[in-house]
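Undergrad: Have a look at the structure that comes next, please.
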Amino acid sequence: MSGRTTALTPPDGAEPPVRHPDAPAPGEAIGAHYEHCFGCGGGVAHGLHLEARAGEGVSVTAEFRVKEAHQGAPGLAHGGVLATALDETLGSLGWLLRVIAVTGRLETDYVQPVPVGTVLHLDAAVHAVHGRKIYATATGRIGGPEGPVAVRASAVFIEVKIDHFIENGRPAEIQAALADPDQVKVARAFEVNP
């Protein structure tokens, strides 16, 4: 980003998002993009194991259970973990646009504490697209999908090419991901926010 601030409000001329015709159907599980992703991967013991599903339009829903390993204050979720859950949910929106995008800016509001053992119900939606910038918001609720808001975020994601990951990632992991014989797994490893 070279030191520039990325505004969270779409500029004049921003377009409404368009769901890609090959996007997962509403209700379909999106799945982990990379086994070792802290947010959605199954290969990280203390990860969030966030499970996202495609929603209507350009939206997703997700859930994750706050575990003891996610604590900040005694018995409460760490704020950074909650920001990660919002970021991961927002990153899943790229599957509906069929673009590779990374977080350019994430602004998080903490509305109320989230106790350990709580299932955080998340929803996110893209509101506008302008060039390579994708403007989106997310909300995390406790007590159910319609429960009280605990956290929310506004974000700008920036569309990038796969080279962003290949040139900046640690070579051993990049080579391992590229060498996987399952080409679907190779493509998915690089499709959403790192």
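The values are calculated or read from the model by the stated rules, or taken from the named source; none is laboratory data. Quantities reported herein were computed from a predicted structural model and do not represent experimental measurements. Here the Cβ positions follow ideal geometry from the backbone for every residue, glycine too, while neighbour counts run over all protein chains shown. The area values use the complete protein model at the heavy-atom level, side chains included, leaving out ligands, DNA and RNA. Shrake-Rupley method; radii C 1.70, N 1.55, O 1.52, S 1.80 Å.
Undergrad: Among the listed residues Gly43, Gly27, Gly31, identify the single one that is open to solvent by less than 60 Å² (accessible area, probe 1.4 Å) and either in contact (Cβ under 8 Å) with a residue 60 or more places away in the chain or charged (D, E, K, R) (or both).
TA: Numbers: Gly43 fails: either in contact (Cβ under 8 Å) with a residue 60 or more places away in the chain or charged (D, E, K, R) (or both); Gly27 fails: either in contact (Cβ under 8 Å) with a residue 60 or more places away in the chain or charged (D, E, K, R) (or both).
Just a single option satisfies the conditions, and that option is Gly31.
Undergrad: Report every pair of residues separated by at least 6 positions or lying on different chains whose Cβ atoms are under 9 Å apart, first residue within the stretch 136-161 and in contact (Cβ under 8 Å) with a residue 60 or more places away in the chain and farther than 16 Å from Asp87 by Cβ, second open to solvent by 30 Å² or more (accessible area, probe 1.4 Å) and of a type in the set (Asp, Glu).
TA: Between residues of the stretch 136-161 that are in contact (Cβ under 8 Å) with a residue 60 or more places away in the chain and farther than 16 Å from Asp87 by Cβ and residues that are open to solvent by 30 Å² or more (accessible area, probe 1.4 Å) and of a type in the set (Asp, Glu), the close pairs are Pro145/Glu63; Pro145/Asp123.
Undergrad: Still on this structure, I have one more. Report the residue count in the stretch 126-147 for those that are not β-branched (Val, Ile, Thr) and not in a strand (DSSP E or B).
TA: Residues meeting the conditions: 7.
Undergrad: From the list Val60, Val102, which residue is open to solvent by less than 60 Å² (accessible area, probe 1.4 Å), over 18 Å from Arg152 (Cα atoms) and assigned to a strand (DSSP E or B)? Walk me through it before giving the result.
TA: Details: Val60 fails: over 18 Å from Arg152 (Cα atoms).
Unique residue meeting the criteria: Val102.
Undergrad: Tell me yes or no: at least one residue of the stretch 23-33 is hydrophobic (A, V, I, L, M, F, W, C) and outside any loop (DSSP other than H, G, I, E, B).
TA: Restricting attention to the stretch 23-33, the residues satisfying the condition of being hydrophobic (A, V, I, L, M, F, W, C) are 23, 25, 29-30, 32.
Checking which are outside any loop (DSSP other than H, G, I, E, B) leaves us with 29.
Within the stretch 23-33, one or more residues are hydrophobic (A, V, I, L, M, F, W, C) and outside any loop (DSSP other than H, G, I, E, B).
Undergrad: Okay, moving on. Under 6 Å between Cβ atoms, at least 6 apart or on separate chains: pull out the pairs that start in the stretch 54-69 with a residue that is closer than 19 Å to Gly147 by Cβ and end on any residue that is among the hydroxyl-bearing types (Ser, Thr, Tyr) and in a strand (DSSP E or B).
TA: Every condition considered, the pairs that remain are Gly55/Thr61.
Undergrad: Same structure again: Within the stretch 88-130, count every residue that is of a type outside the set (Gly, Ala, Ser) and free of Cβ contacts under 8 Å to residues at least 60 places away in the same chain.
TA: Total meeting the criteria: 14.
Yes/no matrix, rows are residues, columns are (1) modelled with pLDDT of 95 or more; (2) touching a Leu at 6+ places or on another chain (Cβ under 9 Å); (3) within 14 Å of Leu93 (Cα to Cα):
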{"position": "Thr118", "(1), (2), (3)": "yes, no, no"}
{"position": "Ala138", "(1), (2), (3)": "yes, yes, yes"}
{"position": "His164", "(1), (2), (3)": "no, no, no"}
{"position": "Glu167", "(1), (2), (3)": "no, no, no"}
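Undergrad: Do you know which of the residues in the stretch 63-83 that are hydrophobic (A, V, I, L, M, F, W, C) and in a strand (DSSP E or B) is most open to solvent (accessible area, probe 1.4 Å)? Steps first, please.
TA: So the first thing to find is which residues in the stretch 63-83 are hydrophobic (A, V, I, L, M, F, W, C), and the list is 64, 66, 69, 73, 76-77, 81-83.
With in a strand (DSSP E or B) added as a condition, the list becomes 64, 76-77.
Working: Phe64: 6, Leu76: 56, Ala77: 16 Å².
Per the stated criteria, the residue is Leu76.
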